[in-house]
Amino acid sequence: MTILVTGGAGFIGSNFVLDWLAQSNEPVINLDKLTYAGNLENLASLQGNPNHVFVQGDLGDRELVDRLLAEHRPRAVLNFAAESHVDRSIHGPEDFIQTNILGTFRLLESVRAYWSALPADDKAAFRFLHVSTDEVYGTLAKEDPPFAEDNRYEPNSPYSASKAASDHLVRAWHHTYGLPVLTTNCSNNYGPYHFPEKLIPLMIVNALAGKHLPVYGDGQQIRDWLYVKDHCSAIRRVLEGGRLGETYNVGGWNEKPNIEIVQRVCALLDELRPKADGTSYATQITYVTDRPGHDRRYAIDARKIERELGWKPAETFETGIRKTVEWYLANPDWVAHVQSGSYRDWVAKQYASEAPSA
Ligand code: NAD
Ligand code: DAU
């Protein structure tokens, strides 16, 4: 048996692939375009592992995906690949439409053709799992209940609108064609290999570099934070036991205003890597112009996945954020390579030795 993962060189995808192969002998075909966000260095520990087959390519490349499906005959396809950064979607939405909407559509068509031709038993066992976000539900007021699976979709950014569209396509391919799909809508992740354009890693690397810590607006926007390994375990649970056509909200019951997150990161750095001049990293916090259309609050009601699939996060925010800060302190080379873009050279080297099958 084999699974095919798209976007497995990104933040969540690479954590998923690493965790999967640490727990199972089932091979992973990892299809990733290696945009600025894809980094094979995340998967360096898998070099030489025959159960990891990396293929550089676009999820919307029908010819390539058709060939990979025919060649490897996966029992499941997990779709992590996406343009994922809200600020980038505001500056340039086109890539988001291309990958998140058109790319998902084309992937669904490849998978549908493959799945339709499977023998009955394989067809019944096959799964398409789409990894999505809580941002499709829009924004909450302070007193609103957290997002449940039956919340209306009200996406507010080009990113969340593109993810909402992809969720609708996945849903429609189930209702119209019977494709056995599952969708997860998760809250904000954090942890190892998080690209330092996103809040938590940006604050860690800027703090250590003596730079400003830019907090948008009043810093009172609320996000619901989940350690990335807990998101990965939730996806594995949904893949194993999720009901076909259903969506599952995934979250850690960890709502926190941004400013509190930044202060906690500063306090951990003060403890683990105190500044020579004895001042706190918190002195580097700077309030800057707000993100346009900034959603005020996200919160996830995770009771469905807890009740139906027995999933619960293993980390609290305190344990997860400490592990995260420790990981960045222990991996300055990873940060330096990402910041200098030199991981692209590393990729070229990696390719030369890995002989990818595409
Ligand atoms: P990321 O930006 O770190 O990684 C995305 C990966 O997809 C990269 O490796 C990139 O090279 C690849 N990719 C982009 N376009 C591609 C294309 N056209 N074809 C093939 N590969 C392509 O993103 P992430 O944070 O790991 O998010 C992964 C998924 O999880 C996304 O679908 C995102 O919407 C969703 N999600 C993310 C979060 C979060 O907090 N990061 C929370 C909930 C859901
Ligand atoms: O909710 C899930 C989503 O979480 C995912 O679908 C997205 O892919 C992921 O990027 C993330 O989106 P956010 O916009 O919530 O994440 P980001 O890290 O960009 O920002 C988190 C919060 O911090 C948000 O309220 C904006 C704020 N922020 C962010 C940056 C980068 C700042 O105040 N300063 C910053 O410099």
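The values are calculated or read from the model by the stated rules, or taken from the named source; none is laboratory data. For clarity, every value in this text was computed on a predicted model and none was experimentally measured. With ideal geometry, Cβ positions are generated from the backbone for all residues, glycine too; neighbour counts draw on all protein chains shown. Note: areas computed on protein heavy atoms with side chains; ligands, DNA, RNA excluded. Shrake-Rupley method; radii C 1.70, N 1.55, O 1.52, S 1.80 Å.
Reducing the range 252-311 and the range 89-134 to their Cα centroids gives an inter-centroid distance of 32 Å.
With a 1.4 Å probe and all protein chains kept in place, how much accessible area does residue 306 have, in Å² rounded to the nearest 10? Residue 306 exposes around 40 Å² with every protein chain in place. Using a probe of 1.4 Å, the accessible surface attributed to residue 193 totals some 50 Å² when neighbouring protein chains are kept in position.
What is the range 3-350 by shape, rounded, prolate or oblate, if you read a ≥ b ≥ c off the alpha carbon gyration tensor as root eigenvalues and call it rounded for a/c under 1.5, prolate for a/b larger than b/c, and oblate otherwise? Prolate. In straight-distance terms, cross-link reach from residue 304 covers every one of the lysines whose alpha-carbon lies under 20 Å from its own, apart from those fewer than eight places away in the same chain; here that gives 229, 312.
For the range 189-218, the residues whose amide N sits under 20 Å from a probe point set 7 Å from the Cα of residue 277 along the beta carbon direction are 203-215. Note: relative contact order over the range 3-350, using C-alpha pairs below 8 Å and six or more positions apart, is 18 percent. Once you order the gyration tensor axes a ≥ b ≥ c over the Cα atoms, which shape class does the range 115-236 get: rounded for a/c under 1.5, otherwise prolate or oblate by comparing a/b with b/c? Cα axes put the range 115-236 in the prolate bin. The amide H of residue 300, built 1.01 Å from its N in the peptide plane, has 147, 253 as neighbours under 5 Å, considering only residues 5 or more places off or on other chains. Take every DSSP beta bridge whose two residues both sit in the chain; close to 10 percent of them are antiparallel. Extending 7 Å from Cα along the Cβ direction at residue 288 and again at residue 218 yields two label points whose distance is 2.1 nm.
The accessible area of residue 157, taken with all protein chains in place and a 1.4 Å probe, comes to roughly 20 Å². Relative intensity of the range 1-125 on a log10 scale, I(q)/I(0) at q = 0.12, 0.15, 0.20, 0.23 Å⁻¹, equals -0.45, -0.69, -1.13, -1.36, per a Debye sum over C-alpha point scatterers of equal strength in the absence of solvent.
Within the straight-line cut-off of under 22 Å between alpha carbons, the lysines reachable from residue 33 are 163, 198, 349, sequence neighbours fewer than 8 places apart in one chain being disregarded. Between residue 267 and residue 243, the simple spin-label model (points 7 angstrom out along Cα→Cβ) gives 4.1 nm. 3J(HN,Hα) along the range 197-207: 9, 8, 3, 5, x, 4, 5, 5, 6, 5, 4 Hz, from the Karplus curve 6.51 cos²θ - 1.76 cosθ + 1.60 with θ = phi - 60°, whole Hz, x for Gly and Pro. Take the Cβ atoms of residue 117 and residue 23, set R0 to 30 Å, and the FRET efficiency comes out at 0.50. Ordered by solvent-accessible area of protein heavy atoms (1.4 Å probe), largest first, the residues 71, 26 come out as 71, 26.
What does the C-alpha gyration tensor say about the overall shape of the range 59-148? Classify as rounded when a/c is under 1.5, otherwise prolate if a/b is larger than b/c, or oblate. Taking the square roots of the gyration eigenvalues as a ≥ b ≥ c, the range 59-148 is oblate.
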